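What follows is a set of notes on a single structure, which appears directly below.
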Amino acid sequence: MDTSGTWDRLTCALGTVLPSDAGPGRVLRAMDRVERSPRADRLVDAARAAVRAVPLGRGRDVLHGRWLGHPLHPLMVQLPLGSWMSAAVLDLVPGQKRAAQVLVGVGLVAALPAAVAGWTDWAELRRPQMRVGMVHAAANAAGVALYAVSFAARARGRFARGRLWGLAGLTAVSVGGAVGGHMAFRQAAGANHAEHVPDAVGPGWHAVGDVADFPAGRPVRGRLGDEPVVVVHEVSGTFRVLADRCSHMGGPLSEGELVDGCIRCPWHGSTFRLADGWNTTGPATAPQPAFETRVSGTRVEARIRQTGKADTAGGDEGPVENGSTRHPLS
C-alpha cells in the first residue's frame, strides 16, 4: 500500500480547504466573503435593534461579563458543550442510555442563558463581526434544534434514533464553535483592544503636547509616540490622560462625551473613569490604560500609571492627585 501517496493526496485535499502555504483555503475565503457581504445587513440591523430593545438594565453589564473582567459568553458555553460531548461518549457505553439523555437535557437548558449572553455581546460588535456572528448563531440554533429532537426521541425510548440526532447536533454546534473561534481570534471580538498600550508606550515620562493644545473642559486627541491618547484638561486645572482606543472595540474616546468625571465611548457607550481608567459601565469588560501626568514648563507629560502604586509628588512637578497633575498656572 502506497501510504506516502495517500498522505500526499490527503494533504493536498486539506490544503484546498484549510490555510496552507498555497493560501487561505476555502474556509477562510468563505468567512472573508461573509465579513464583506452586505446581503444580510437588514437582518443584522433588525436583530441588533431587537436585542438592544430588551430592558435588561444593569443585567446587560452582567451578561457582558464586566464583573468578571472578560466576556461571560465563552465561559457559559462550556456547560452545554461539555454536556453534549459527554452524552456522545456515553452513547458509546452500554447501559448509559438514561445518563446520556439527562446530559442532553442539561445541555438544552444551559444553552439558553449562554445564547442570551452571546446575543448581548453580539449587538455591540462591528458590522463585519456581526455578519459572521449570524452564521455562528445559525449553526448553534440548528444544533440546539437537533438536540431537542434527539431528547424527544430518547424520551420515547428511541435511543438509536436519538443518538443519530445527537451526532448531527454535535456536528452543528462544533461548526458554530469553530465560527465563534474565528470571531474571537481572527476578528478579535471580545478581546481587549487596549492591552498592548503599556508596552507600546514604554516606561518613563513622555511629552503629550503643550498646555495650550488642550483647552479645558473637552477631550482632545494627543499622542505618546505612536500611540493615540485622549487628554482631558479639567476646569480645575487637572490633566487626565487615557489610551484613546476603547478597550472594547477600539472606538475613539477623544470623540466621546464627558460625564461625571468619566468619558463615554461614542461607538458603544462604554464609560471609563478619567482618574484611573476603570470601566464603570459596559460593554467594555477591561479598564482603559491610564497615565499619571505632570506639567514641565508649558509641556504636558505622561507616564503609564502603575496599578496599585501610590501617587507621589516630586521636585517641581506639582501635586499629583489620582494619577494626575494640576497645572500650576491654573
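State the number of residues belonging to the stretch 163-192 that are in contact (Cβ under 8 Å) with a residue 40 or more places away in the chain, out of contact with any His (no Cβ under 7 Å at 6 or more places or on another chain) and of a type outside the set (A, V, I, L, M, F, W, C). Explain how you work it out, then say what you get.
Of the stretch 163-192, the ones in contact (Cβ under 8 Å) with a residue 40 or more places away in the chain are 163, 166-167, 169-170, 173, 176-177, 179-180, 182-184, 186-187, 189-190, 192.
Right, trim to out of contact with any His (no Cβ under 7 Å at 6 or more places or on another chain) and you get 163, 166-167, 169-170, 173, 177, 182, 184, 186-187, 189-190, 192.
Filter again for of a type outside the set (A, V, I, L, M, F, W, C), leaving 163, 166, 169, 177, 182, 186-187, 190, 192.
Matching residues across the stretch 163-192 total 9.
Look at Val44 and say whether it is among the aliphatic types (A, V, I, L, M), free of Cβ contacts under 8 Å to residues at least 40 places away in the same chain and closer than 25 Å to Ser174 by Cβ.
Values: among the aliphatic types (A, V, I, L, M): yes; free of Cβ contacts under 8 Å to residues at least 40 places away in the same chain: no; closer than 25 Å to Ser174 by Cβ: yes.
Against the criterion (among the aliphatic types (A, V, I, L, M), free of Cβ contacts under 8 Å to residues at least 40 places away in the same chain and closer than 25 Å to Ser174 by Cβ), Val44 does not qualify.
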Exercise. Would the stretch 86-98 turn up any residue that is free of Cβ contacts under 8 Å to residues at least 40 places away in the same chain and charged (D, E, K, R)?
Worked result: yes
Exercise. Within the stretch 248-277, which residues are among the aliphatic types (A, V, I, L, M) and open to solvent by 20 Å² or more (accessible area, probe 1.4 Å)?
Worked result: Leu258, Val259, Ala275
Problem set entry | When residues of the stretch 280-304 are limited to those that are under 23 Å from the mean Cα position of the chain (by Cα) and not in a strand (DSSP E or B), the one nearest to Thr120 (Cα to Cα) | Pro283
Exercise. Which of the residues that make up the stretch 214-247 are modelled with pLDDT under 95, open to solvent by less than 10 Å² (accessible area, probe 1.4 Å) and β-branched (Val, Ile, Thr)?
Worked result: Thr238
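Only one of Ala46, Ala114, Ala99 is over 22 Å from His268 (Cβ atoms) and small (Gly, Ala, Ser); which?
On the way: Ala46 fails: over 22 Å from His268 (Cβ atoms); Ala114 fails: over 22 Å from His268 (Cβ atoms).
Residue meeting the stated conditions: Ala99.
Has the stretch 149-162 got any residue that is outside any loop (DSSP other than H, G, I, E, B), touching a residue at least 60 places away in the same chain (Cβ under 8 Å) and either closer than 30 Å to Ala87 by Cβ or open to solvent by 30 Å² or more (accessible area, probe 1.4 Å) (or both)? Steps first, please.
Just the residues of the stretch 149-162 that are outside any loop (DSSP other than H, G, I, E, B), to begin with: 149-155, 159-162.
Subsequent filtering for residues that are touching a residue at least 60 places away in the same chain (Cβ under 8 Å) retains 159, 162.
Next cut, either closer than 30 Å to Ala87 by Cβ or open to solvent by 30 Å² or more (accessible area, probe 1.4 Å) (or both) only: 159, 162.
The answer is yes, given that some residue of the stretch 149-162 is outside any loop (DSSP other than H, G, I, E, B), touching a residue at least 60 places away in the same chain (Cβ under 8 Å) and either closer than 30 Å to Ala87 by Cβ or open to solvent by 30 Å² or more (accessible area, probe 1.4 Å) (or both).
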Problem set entry | the stretch 46-97 - residue that is open to solvent by 40 Å² or more (accessible area, probe 1.4 Å) and among the polar types (S, T, N, Q) and, of those, nearest to Ala155 (Cα to Cα) | Gln96
For this session: Test Ala100 against the criterion of being among the hydrophobic types (A, V, I, L, M, F, W, C), open to solvent by less than 40 Å² (accessible area, probe 1.4 Å), within 16 Å of Leu75 (Cα to Cα) and assigned to a helix (DSSP H, G or I), and give yes or no.
Result: no
Exercise. Cβ-Cβ below 7 Å, separation at least six or inter-chain, first residue in the stretch 49-69 and assigned to a helix (DSSP H, G or I), second among the aromatic types (Phe, Trp, Tyr): which pairs?
Worked result: Val51/Trp119
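Can you say whether Asp41 is open to solvent by less than 30 Å² (accessible area, probe 1.4 Å) and of a type in the set (Asp, Glu), as far as the supplied structure shows?
Working: open to solvent by less than 30 Å² (accessible area, probe 1.4 Å): yes; of a type in the set (Asp, Glu): yes.
Answer is yes for this residue.
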Seminar exercise, completed: Subset of the stretch 131-148, residues within 14 Å of Ser83 (Cβ to Cβ), within 27 Å of the chain's Cα centre (by Cα) and among the hydrophobic types (A, V, I, L, M, F, W, C), comes to Val144
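The values are calculated or read from the model by the stated rules, or taken from the named source; none is laboratory data. This one's a predicted model, so the numbers in the text were calculated from it and none came from an experiment. Neighbour counts are summed over all protein chains in view; Cβ atoms, including those assigned to glycine, are modelled from backbone coordinates with ideal geometry. SASA here: full protein model, heavy atoms, side chains in, ligands and nucleic acids out. Shrake-Rupley method; radii C 1.70, N 1.55, O 1.52, S 1.80 Å.
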